[in-house]
Amino acid sequence: MTRDELLRRLEILRVEHRDLDSAIHALADTAVPDQLAMARLKKRKLKLKDEIAWIEDQLVPDIIA
């Protein structure tokens, strides 16, 4: 992937991560939160966080000290 593609993908993932955060909070605020759905959303959010971290690592060049 090129740098521009990585940057576009990173922005998409960050937006999805924020959306999942909002969805988790909304689900938690319901009278009887669906624990299974919440667990799935949290798992997806963690997966996105890992992918975001990987892309950020690809964008930052290694510096040998």
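The values are calculated or read from the model by the stated rules, or taken from the named source; none is laboratory data. Since this is a predicted model, take the numbers as computed values, not measurements. Because the Cβ atoms are built from the backbone with ideal geometry, glycine has one as well, and the counts that use them run over all protein chains shown.
Some observations on this one:
- Residues in region 1-10 that are surrounded by fewer than 10 Cβ atoms within 10 Å (Cβ to Cβ) and part of a helix (DSSP H, G or I): 2 in all.
- Answer residue from region 27-65, given it is aliphatic (A, V, I, L, M), closer than 28 Å to Arg3 by Cα and in a loop (DSSP other than H, G, I, E, B) and is nearest to the chain's Cα centre (by Cα) among those: Val60
- Asp57 passes every criterion in (1) in contact (Cβ under 8 Å) with a residue 40 or more places away in the chain; (2) of a type in the set (Asp, Glu); (3) surrounded by fewer than 11 Cβ atoms within 10 Å (Cβ to Cβ) apart from (1).
- Pairs meeting the criteria (first residue in region 2-23 and at pLDDT below 95, second residue part of a helix (DSSP H, G or I), beta carbons under 7 Å, at least 6 apart or on different chains) are Arg3/Leu59.
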